[in-house]
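**Student:** Have a look at the structure that comes next, please.
The values are calculated or read from the model by the stated rules, or taken from the named source; none is laboratory data. Keep in mind it's a predicted model, so treat the numbers as computed, not measured. FYI the Cβ positions are ideal-geometry reconstructions off the backbone, even for glycines, and counts take in every protein chain you see. Calculation scope for accessible area: heavy atoms of the full protein, side chains included, ligands and nucleic acids excluded. Shrake-Rupley method; radii C 1.70, N 1.55, O 1.52, S 1.80 Å.
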Amino acid sequence: EKVSDGCWLVDHTHQIGQEKVLTVMRIRESQLPPPGVPLRHQDVELLAVIPGKEWKQEDVTKVYQELTERCGVPRSVSSDGATELQEPAKNLGKPRHQPLVFRDPKHFLANQFKALLRADPQYEKFTVQLAKTHPALQQTALAFLAPPKLKQKSRFMNMRPTLDWASMVLWHLSHPDSRSRQGV
C-alpha cells in the first residue's frame, strides 16, 4: 500500500556464504504503540527481503526507488550507518520532503564503545589474554572457567557475555574459599 509516512528500518542481514540479504521494514506512524510500549511483530511491515552478492549504492538506490513507487516515501530511514544504505536514502522524495536519514542508536553506541576500547592499551592486553585463555582451559578440569569466544562481527554490541565472564573471574579471585574453587 502506498503511504508516505513511517520509518524504514534497513540492514544487511544473514550473510550466507558470499550473499547478504538486504532487508527493509517499515513502521507506520499510525501503527506505533503508545509511548513506553515496545514494538510488536505486527507493528512492523516487511517491505523487502532481497539476497545479493554485493550491495553497492546503485543497487540499493534501485531497491529504494522501487519501494517508494510501491509503498511511498518514508519520513525517515534508519540503518547501521553503512554508506551504501544511507546515501541512496538521502535522494528519496522531493527536495523539501526528503526523509530524515540516521544511524540506529544501537550501532551508533557500539561504534562509540569500540572507539573508546580500541584506544585503551589495557583492553588490547585483555583481548589478547582472553584469546589465549579459552584454548588453554577448554579441555581441562577448569573448562567451566573458560571465557566466551569473542565474536568477530558485532563484537561491541555483544559484550555482555565477556563482561559477565570477567566479573565472574574477578569474583572468584577475590573469594578463594568459594565452592567452585575447591580442588582448584
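**Student:** Quick one: order 16, 50 from most to least accessible surface, probe 1.4 Å.
**Tutor:** Order by accessible area, largest first: 16, 50.
**Student:** Pop a pseudo-label 7 angstrom from the Cα along the beta-carbon direction at both residue 173 and residue 127 and give the gap in nm to one decimal.
**Tutor:** So the label points at residue 173 and residue 127 sit 2.0 nm apart.
**Student:** OK, next. Expressed in nm to one decimal, what extension gain is obtained for the pair residue 98 and residue 140 from 0.36 nm per residue of sequence separation less their Cα-Cα distance?
**Tutor:** 9.2 nm
**Student:** Another question about this same structure. How many angstrom separate the Cα center of the stretch 1-72 from the Cα center of the stretch 128-184?
**Tutor:** Computed from Cα coordinates, the inter-centre distance equals 38 Å.
**Student:** Okay, moving on. Between helix 121-137 and the chain, what is the angle of the helix's C-alpha long axis to the longest principal axis, kept within 0 to 90° and rounded to the nearest 10?
**Tutor:** That works out to roughly 70 degrees.
**Student:** What accessible area per residue, rounded to a whole number of Å², is obtained for the stretch 67-184 using a probe radius of 1.4 Å?
**Tutor:** About 69 Å² of surface per residue is accessible.
**Student:** What residues have an amide H closer than 5 Å to that of residue 104, excluding those fewer than 5 places away on the same chain, when H is modeled at 1.01 Å from N in the peptide plane?
**Tutor:** Under 5 Å from the amide H of residue 104 lie the amide H atoms of 79, 80, 81, each far enough along the sequence or on another chain.
**Student:** Taking the Cα centre of the chain as the origin and placing charges on Cβ (Lys, Arg +1; Asp, Glu -1), which of 17, 170, 183 is farthest toward the positive end of the dipole?
**Tutor:** Value: 183.
**Student:** Another question, then. On full extension of the chain, what length is gained from residue 31 through residue 69, given 0.36 nm per residue of separation minus the C-alpha to C-alpha distance?
**Tutor:** On the way: separation 38, 0.36 × 38 = 13.68 nm, distance 2.11 nm.
Here the answer is 11.6 nm.
**Student:** Could you tell me which label, among (1) 1, 7, 12, 15, 13, 12, 10, 8, 8, 6, 5, 2, 1, 0, 0; (2) 1, 8, 14, 13, 10, 9, 8, 7, 7, 6, 5, 4, 3, 2, 1, 1, 0, 0, 0, 0; (3) 1, 7, 13, 16, 17, 17, 13, 9, 5, 2, 0, carries the value of P(r) over Cα pairs in 5 Å bins from 0, in percent calculated for this structure?
**Tutor:** (1)
**Student:** So in the chain, what percent of DSSP beta bridges are antiparallel if you round to the nearest 5?
**Tutor:** 70 percent
**Student:** For the chain, give the percent of accessible area contributed by carbon and sulfur heavy atoms, probe 1.4 Å, rounded to a whole number. Intermediate results must be reported in sequence, preceding the final value.
**Tutor:** Numbers: 6810 of 12480 Å².
Of the solvent-accessible surface of the chain, carbon and sulfur hold 55 percent.
**Student:** Across the stretch 91-107, in residue order, what do the Karplus-derived ³J(HN,Hα) couplings come to in whole Hz, using 6.51 cos²θ - 1.76 cosθ + 1.60 with θ = phi - 60° and x for Gly and Pro?
**Tutor:** Computed from phi, the couplings for the stretch 91-107 are 9, 7, x, 7, x, 8, 10, 7, x, 6, 10, 8, 7, 5, x, 4, 5 Hz.
**Student:** Residue 114: which aspartates and glutamates have alpha carbons under 15 Å from its alpha carbon, excluding same-chain residues fewer than 8 sequence positions away?
**Tutor:** Straight-distance partners of residue 114: 80, 124.
**Student:** Do any trypsin sites (Lys or Arg not before Pro) in the stretch 95-184 lie in a loop, going by DSSP, with at most 13 other beta-carbon atoms within 10 Å of their beta carbon, and if so which?
**Tutor:** Sites meeting the loop and neighbour criteria: 149, 151, 153.
**Student:** Given H placed on each backbone N at 1.01 Å, which residues far from residue 11 in sequence or on other chains put an amide H within less than 5 Å of it?
**Tutor:** Residues meeting the amide H criterion: 23.
**Student:** Students sometimes get this wrong: rank 19, 84 by accessible area, probe 1.4 Å, all chains present, largest first.
**Tutor:** 19, 84
**Student:** How far apart, in nanometres, would the label points at residue 180 and residue 166 be if each is projected 7 angstrom from Cα along the Cα-to-Cβ direction?
**Tutor:** Roughly 1.6 nm, to one decimal.
**Student:** Given Cβ point charges of +1 (Lys, Arg) and -1 (Asp, Glu) and nothing else, what value in debye, to the nearest 20, does the dipole of the stretch 1-43 about its Cα centre take?
**Tutor:** 40 debye
**Student:** Would you list, by chain and number, the lysines whose Cα falls below 22 Å from the Cα of residue 20, excluding same-chain residues fewer than 8 positions away?
**Tutor:** 53, 56, 62, 106, 151, 153
**Student:** If you don't mind, there's one more thing I want to ask. Hey, for a label at residue 61 modelled as a point 7 Å past Cα toward Cβ, could you say which residues of the stretch 1-26 have their backbone N under 20 Å away?
**Tutor:** Residues passing the 20 Å test: 10-12, 22-24.
**Student:** Suppose every Lys and Arg Cβ carries +1 and every Asp and Glu Cβ carries -1, with no other charges. What dipole size does the stretch 34-184 come out with about its Cα centre, to the nearest 20 debye?
**Tutor:** 280 debye
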